[in-house]
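Q: Once you've had a glance at the structure underneath, I'll fire off some questions.
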Amino acid sequence: PRQPAKTLWYDRPRYVYLEFCVEDSTDVRVVFEDQRLVFSCRNADGVEFYNEINLYARVNSKDSREKRSDRSITCFMRKWKEKVAWPRITKENIKPAWLSVDFDNWRDWEGDEEVERAMVEQYAEV
């Protein structure tokens, strides 16, 4: 049986970030659509994870990427309307049990674009 992966998210001026917390993931699939993200993978024990998120607002699916590490899979999605804050990641105003805000990365946007650009470049180089 598949289950949702624990997911952290945070908001930035140009991108929205999602981190699916699955260690030693395999068969990672991420499908970016304009208003939806579908994620699936397995972990080392063969457990199947599946998350589907109807997004709060539109993203540019062509300028969205994911990066896998041993601990998680991070997705960053380019907002269609930049510099518009997302109060939540989901279209529906309900918070799934598996979803939480990544408070470590949740900061004021003041002067944040440089930081963000550096992060995106760092991801893109991998």
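Q: Looking only at residues that are within 15 Å of residue 70 (Cα to Cα) and not polar (S, T, N, Q) in segment 30-45, which one is nearest to the chain's Cα centre (by Cα)? Walk me through it before giving the result.
A: As a first pass, look at segment 30-45 and keep what is within 15 Å of residue 70 (Cα to Cα): 41-45.
Those left that are additionally not polar (S, T, N, Q): 41-42, 44-45.
Numbers: 41: 14, 42: 17, 44: 21, 45: 23 Å.
Out of the qualifying residues, it is 41.
Q: Could you please tell me which pairs satisfy a Cβ distance under 8 Å, a separation of 6+ or placement on different chains, a first residue in segment 1-24 that is farther than 25 Å from residue 118 by Cα, and a second residue that is among the charged types (D, E, K, R) and modelled with pLDDT under 95?
A: Here the result reads none, with nothing in segment 1-24 linked to a residue that is among the charged types (D, E, K, R) and modelled with pLDDT under 95.
Q: Looking at 105, 60 in this structure, which one is at pLDDT 95 or above and either touching a Gly at 6+ places or on another chain (Cβ under 8 Å) or not hydrophobic (A, V, I, L, M, F, W, C) (or both)?
A: Working: 105 fails: at pLDDT 95 or above.
Result of the check over 105, 60: 60.
Q: Taking the conditions exactly as written (open to solvent by 60 Å² or more (accessible area, probe 1.4 Å) and touching a residue at least 24 places away in the same chain (Cβ under 8 Å)), does residue 48 satisfy them or not? Before the answer, list the steps.
A: On the way: open to solvent by 60 Å² or more (accessible area, probe 1.4 Å): yes; touching a residue at least 24 places away in the same chain (Cβ under 8 Å): yes.
Yes, satisfied.
Q: Here's something else I'd like to know. Mind telling me which of the residues 43, 54 ends up being open to solvent by less than 40 Å² (accessible area, probe 1.4 Å) and in contact with a strand residue (DSSP E or B) (Cβ under 9 Å, 6 or more places away or on another chain)?
A: Numbers: 54 fails: open to solvent by less than 40 Å² (accessible area, probe 1.4 Å).
Answer to the check: 43.
Q: Assuming residue 70 fulfils every condition listed in (1) in a loop (DSSP other than H, G, I, E, B); (2) of a type in the set (Asp, Glu); (3) open to solvent by less than 60 Å² (accessible area, probe 1.4 Å) apart from one, which condition is it?
A: (3)
The values are calculated or read from the model by the stated rules, or taken from the named source; none is laboratory data. As the structure is a prediction and not an experimental result, all values here were calculated from the model. All Cβ positions, glycine included, derive from the backbone under ideal geometry; neighbour counts span all protein chains shown. Calculation scope for accessible area: heavy atoms of the full protein, side chains included, ligands and nucleic acids excluded. Shrake-Rupley method; radii C 1.70, N 1.55, O 1.52, S 1.80 Å.
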